[in-house]
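This report concerns only the one structure given below.
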Amino acid sequence: MFKKILIANRGEIAVRIIRAARELGINTVAVYSEADKNSLHTILADEAICIGPARSTDSYLNMNAVLSAAIVTGAEAIHPGFGFLSENSKFATMCEEMHIKFIGPSAEIMDKMGDKINARAEMIAANVPAIPGSDGEVFTAEEALEVADRLGYPVMLKASAGGGGKGIRKVESAEELVPAFESASQEALAAFGNGAMYIEKVIYPARHIEVQILGDSHDNVVHLGERDCSLQRNNQKVLEESPSVAIGKTLRAQIGDAAIRAAKAVHYENAGTIEFLLDEKTLEFYFMEMNTRVQVEHPVTEFVTGVDIIKEQIRIAAGQPLSVTQDDITITGHAIECRINAENPKFNFAPSPGKITDLYLPSGGVGLRVDSAVYNGYTIPPYYDSMIAKIIVHGENRFDALMKMQRALYELEIEGVTTNVEFQMDLICDEHVIAGDYDTSFLMETFLPNYNKEND
């Protein structure tokens, strides 16, 4: 086992990793930007090193600075958390070259699954259902028309080398296709140096279902059930729960088996998530992408399975086999996570950085967990993600979990910055959410228009 690991991240995920490491008896090194000098992760870690100015490009994304900090402190491994360098294959390679263990999958796997066309081909070969689409890259608008006619409209154009929302267009008809293809291709060429596109059938509305997987270096792979992440705003998750109310026992087994096949096909090692779209009308599910890192919403899975995903990540990286088999894993009760952000829902969720003048995070009671890195008097900097805390509850059943979440949100007090607490409270109390009757269209097309009307 490692004696010392460096956490290449900030905020609540850095705190979460420090806590897991401490419970394993491992010393920790925090890195921080000048803006994060007084952050909780710098206080809790055994050592802390400043790696640059406030901007993330000059600090948390500065690979040389992060690696230098690891070398200076004698850290044997680096945990990247999520975001920043967590899915950067170049960084994983640099770690390997410096004989520092990257706590995550190999650079090769990241590249393989980061290339959307390649990932799709790998999944089809592994008998994992993929969204109907083009067989490979599409280079001309004429080719695109042929493919779209075969698939049927609406279709989604996606940059083959894409990411970050660049080079993506939804096309409703043949008339729209040619100009959309040309503009998306040009955008992709400018952003990624590659204008090649691929085309997928639009599955919308749908349920966004993701399956947590763990794989070790001894060819063991398990899945830890699914999470329903369908409540989204602008493709950003707002609330997550496990298990999904839309999935019965048979379908759960099918999706879990598909996720295992996906992971085994690429010899996946460490924690990852296989994302699927579920068409509720047909109960068909389709592979969307693989996230080669730990997810923000991993605590809901930890609550329903009792598996500490961060500790498993560290153990896997140290060469140990998984501590659980598939037979050991049972889904118990129901868990929900709400993301509490410093943002103003009444002004299009604009970020609201500033100093927290009064803070009470809910605590106490069975089945409540708060993952946060803020404290009374802490100033939320304007440079990073606006998340303040994640409130996670676990109940005997879904209704019990919903009532616990209402209770927790009611207790939560944050003064000094504007937050989305009231918005989350209204969402959790919505009759559709209570009934579990929602999909990826619900938040943007049903809930928000009504919410904005009421708050005008």
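Under the rule a/c < 1.5 gives rounded, and otherwise a/b versus b/c splits prolate from oblate, where does the range 348-453 land using the Cα gyration tensor?
Details: a/c = 2.34, a/b = 1.24, b/c = 1.89.
Here the range 348-453 falls in the oblate category.
Quick one: length gained pulling residue 358 to residue 82 fully straight, 0.36 nm per residue minus the C-alpha distance? If you can, show how the numbers build up before the last one.
Working: separation 276, 0.36 × 276 = 99.36 nm, distance 2.83 nm.
Length gained, residue 358 through residue 82: 96.5 nm.
Between the range 311-352 and the range 95-171, what's the alpha-carbon centroid distance in Å?
25
Quick one: 3J(HN,Hα) in Hz for the range 83-95, Karplus 6.51/-1.76/1.60 with θ = phi - 60°, rounded, Gly and Pro as x.
x, 6, 9, 5, 10, 9, 5, 4, 5, 4, 5, 4, 4
Quickly work out the residue 346-to-residue 72 label distance, labels modelled 7 Å from Cα along the C-beta direction, and quote it in nm with one decimal.
Output for this residue pair reads 4.6 nm.
Using amide H atoms built 1.01 Å from N in the peptide plane, name the residues 5+ places from residue 78, or on other chains, whose amide H lies under 5 Å from its own.
So residue 78 has HN proximity to 6, 101, 102, 103.
For residue 139 paired with residue 413, estimate the spin-label separation in nm (one decimal), with each label point 7 Å from Cα along the Cα-to-Cβ line.
Label-label distance for residue 139 and residue 413, simple model: 6.6 nm.
Is there a quick way to get the dipole size of the range 4-103? I mean about its Cα centre, with the Cβ of Lys and Arg at +1 and of Asp and Glu at -1; what is the value in debye to the nearest 20?
Values: 9 positive and 11 negative charges, 28 e Å.
Result for the range 4-103 is approximately 140 debye, rounded to the nearest 20.
Tell me, what is the percent relative contact order of the chain, built from C-alpha pairs under 8 Å that lie six or more residues apart? Before the final figure, lay out each step's value.
Values: 968 pairs, mean separation 62.5, N = 456.
Answer for the chain is 14 percent.
Label point 7 Å out from residue 261 along Cα-to-Cβ: which residues of the range 282-310 have amide N under 13 Å?
Counting only backbone N, you get 285-287.
Put a dot 7 Å past each Cα toward the Cβ at residue 34 and residue 453; how far apart are the dots in nm?
Rounded to a tenth, the inter-label distance reads 5.0 nm.
Under 12 Å from the Cβ of residue 225, count the other residues' Cβ atoms, weight Lys and Arg +1, Asp and Glu -1, and hand me the total. Walk me through the numbers before you get to the answer.
Details: positive: 227, 249, 252; negative: 210, 226, 228, 241, 302.
Charge balance near residue 225 sits at -2.
When only DSSP loop residues count, what trypsin sites (Lys or Arg not before Pro) in the range 233-294 have their Cβ near at most 12 other Cβ atoms within 10 Å? Display every interim value, and only then the final one.
Values: sites: 233, 237, 249, 252, 261, 264, 281, 293; in loops: 281, 293.
Qualifying residues, ordered by number: 281.
What FRET efficiency, computed as 1/(1 + (r/R0)^6) with R0 = 22 Å and r the Cβ-Cβ distance, is obtained for residue 115 and residue 190, rounded to the nearest 0.05? Could you put the intermediate results ahead of the total?
Numbers: r = 19 Å, r/R0 = 0.86.
The pair residue 115/residue 190 has a calculated efficiency of 0.70.
What does the charge count near residue 343 come to, summing +1 for each Lys or Arg and -1 for each Asp or Glu among other residues with Cβ under 11 Å from its Cβ? Walk me through the numbers on the way to the answer.
Working: positive: 233, 339, 346; negative: 385.
Surrounding charge for residue 343 is +2.
Normalized C-alpha radius of gyration of the chain, against 2.2 N^0.38 Å? Before the final figure, lay out each step's value.
On the way: Rg = 21.9 Å, N = 456, 2.2 N^0.38 = 22.5 Å.
Here the answer is 0.97, to two decimals.
State log₁₀ I(q)/I(0) for the range 132-201 at q = 0.18, 0.20, 0.23 Å⁻¹ as given by the Debye formula over alpha-carbon point scatterers of equal weight, solvent excluded.
Normalising to I(0) and taking log10 leaves -0.53, -0.66, -0.88.
Return the Rg/Rh ratio of the range 178-316 with Cα-based radii and a Kirkwood Rh.
Here Rg/Rh amounts to 1.02.
Given the rule -39500 (n - 2.57) for each run of at least 4 DSSP H residues, summed and divided by the residues of the chain, what is its mean residue ellipticity at 222 nm, to the nearest 500 deg cm²/dmol?
Details: 15 runs with 154 residues, N = 456.
My calculation for the chain gives -10000 deg cm²/dmol from helical runs alone.
Test of understanding: extend the Cα→C-beta vector of residue 108 to 7 Å, then name every residue of the range 303-322 with backbone N under 20 Å from that spot.
316-321
Over the range 4-103, what relative contact order in percent results from Cα pairs under 8 Å that are six or more residues apart?
Working: 181 pairs, mean separation 29.3, N = 100.
In percent, rounded to a whole number, it is 29.
Quick one: 331, 5, 109, fewest Cβ neighbours within 10 Å first, how do they rank? Walk me through the numbers before you get to the answer.
Details: 331 15, 5 29, 109 22.
The fewest-first ordering by Cβ neighbours comes to 331, 109, 5.
Karplus couplings for the range 354-367 from phi (6.51 cos²θ - 1.76 cosθ + 1.60, θ = phi - 60°), rounded to Hz, Gly and Pro as x?
Listing the rounded values in order: x, 8, 7, 8, 8, 8, 9, 8, x, 8, x, x, 7, x Hz.
Bin width 5 Å, alpha-carbon pairs only: give the P(r) of the range 207-454 as whole percents, running from 0 to the bin holding the largest distance.
Using 5 Å bins, I get a P(r) of 1, 6, 14, 17, 18, 16, 13, 9, 5, 2, 0, 0 for the range 207-454.
Taking 0.36 nm per residue of separation and subtracting the Cα-Cα distance, what length does fully extending residue 429 through residue 330 add?
Details: separation 99, 0.36 × 99 = 35.64 nm, distance 2.86 nm.
Residue separation times 0.36 nm, minus the Cα-Cα distance, leaves 32.8 nm.
Over the alpha-carbon set of the range 167-218, divide Rg by the Kirkwood Rh and report the Rg/Rh ratio to two decimals.
Numbers: Rg = 16.4 Å, Rh = 13.8 Å.
Ratio of gyration radius to Kirkwood radius: 1.19.
Summing +1 for each Lys or Arg and -1 for each Asp or Glu, what net charge is found among the other residues whose Cβ lies under 15 Å from the Cβ of residue 280?
Cβ neighbours under 15 Å give a net charge of -3.
Ordered by residue, what ³J(HN,Hα) values in Hz, to whole numbers, does the range 10-20 give under the Karplus form 6.51 cos²θ - 1.76 cosθ + 1.60, where θ = phi - 60° and Gly and Pro are x?
With coefficients 6.51, -1.76 and 1.60, one gets 9, x, 5, 5, 5, 4, 4, 5, 4, 5, 4 Hz.
Read the figures in this text as sums done on the coordinates, not as results from a lab. Quantities reported herein were computed from a predicted structural model and do not represent experimental measurements. We place every Cβ from the backbone using ideal geometry, glycine too, and count neighbours over all the protein chains shown.
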